[in-house]
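The structure appears below as structure tokens.
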Amino acid sequence: MGKERLMAFTDAVLAIVMTILVLELEKPETASLKALWDMKESFFAYALSFFWLGTMWVNIHEEWRDVEQVSRSVVWWNIILLFFSSMIPFATRFMNVDYHSSVSQGFYGVMVLLVSFANMGLGISLEKIHHDEHDLQAGIRDSRRRLYFDISVKAIGLLLTIFVYPPAMMICVLITMVMWLIPSKYTKHL
């Protein structure tokens, strides 16, 4: 399978997943500003999930810019990544049912972590098949280093969500998303 075909499939699935996010938002009970304000947590969850998936999409394209070949392992890690990504609309909706529930926030956190682990597996698979391309490997290693930090923050968020403060997971996802927006030359110390 060529890289272009896999990337087109990834683009299509992520576009559908991101579109489904908005369809999972409940409509306000009345047409009033108060009804919209009462949905602020749902809008926050939607926006965070949307931009988190969008940030992941941008970073995947950055990482894949110089990739020339894919292996069966790369394809399967990509499928696993898309599977867990496709659960994000459900997890976001579940969280919106009871925003302050450690169970719903924890489920969201587990899904987010599974996407991150799949992303790491994808990067490792890419690195294995491009072992002699030093520039590409350097970019993949940089992404993996950032993913270690990303996963650590999300794991802390999950623990805080379960035991202390349920919305901690959302805060940690926001922190990691912002970290991915910062150019890597400024995050070398992570």
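The values are calculated or read from the model by the stated rules, or taken from the named source; none is laboratory data. Because the structure is predicted, anything quoted here is derived from the model rather than measured. Using ideal geometry, Cβ is built from the backbone for each residue, glycine included, and neighbour counts are taken over all protein chains shown.
Taking Val97 as meeting all but one of (1) more than 19 Å from the chain's Cα centre (by Cα); (2) crowded, with 21+ Cβ neighbours inside 10 Å; (3) of a type outside the set (D, E, K, R), write down the number of the exception.
(2)
Is it the case that Leu122 is touching a Ser or Thr at 6+ places or on another chain (Cβ under 7 Å), modelled with pLDDT under 95 and closer than 24 Å to Ala8 by Cα? So that I can check it myself, show each step before the final result.
Numbers: touching a Ser or Thr at 6+ places or on another chain (Cβ under 7 Å): no; modelled with pLDDT under 95: yes; closer than 24 Å to Ala8 by Cα: yes.
In short, no.
Just checking, does the range 19-40 include any residue being under 15 Å from Phe84 (Cα atoms) and buried (at least 18 other Cβ atoms within 10 Å of the Cβ)? Give the derivation first.
If we filter the range 19-40 for residues that are under 15 Å from Phe84 (Cα atoms), which is where we start, we get 20-21.
Cutting the leftovers down to buried (at least 18 other Cβ atoms within 10 Å of the Cβ) gives us 21.
There is at least one residue in the range 19-40 that is under 15 Å from Phe84 (Cα atoms) and buried (at least 18 other Cβ atoms within 10 Å of the Cβ).
Name the pairs whose Cβ atoms lie under 8 Å apart, with the first residue in the range 136-152 and small (Gly, Ala, Ser) and modelled with pLDDT under 85, the second surrounded by 19 or more Cβ atoms within 10 Å (Cβ to Cβ) and assigned to a helix (DSSP H, G or I), and 6 or more positions between them or separate chains?
From the range 136-152, the pairs are Gly139/Glu63; Ser143/Glu63; Ser143/Gly123.
Quick one: count up the residues across the range 111-127 that are closer than 18 Å to Phe51 by Cα, in contact (Cβ under 8 Å) with a residue 40 or more places away in the chain and hydrophobic (A, V, I, L, M, F, W, C).
3
Checking the condition at pLDDT 95 or above and closer than 27 Å to Arg144 by Cβ, which residue from Ser71, Ser85 passes? Steps first, answer last, please.
On the way: Ser71 fails: at pLDDT 95 or above.
On inspection, the qualifying residue turns out to be Ser85.
Quick one: count up the residues across the range 57-71 that are closer than 27 Å to Val110 by Cβ and either crowded, with 19+ Cβ neighbours inside 10 Å or of a type in the set (D, E, K, R) (or both).
Keep residues of the range 57-71 that are closer than 27 Å to Val110 by Cβ, which gives 57-64.
Next, from what is left, pick out any that are either crowded, with 19+ Cβ neighbours inside 10 Å or of a type in the set (D, E, K, R) (or both): 60, 62-64.
Looking only at that region, the number is 4.
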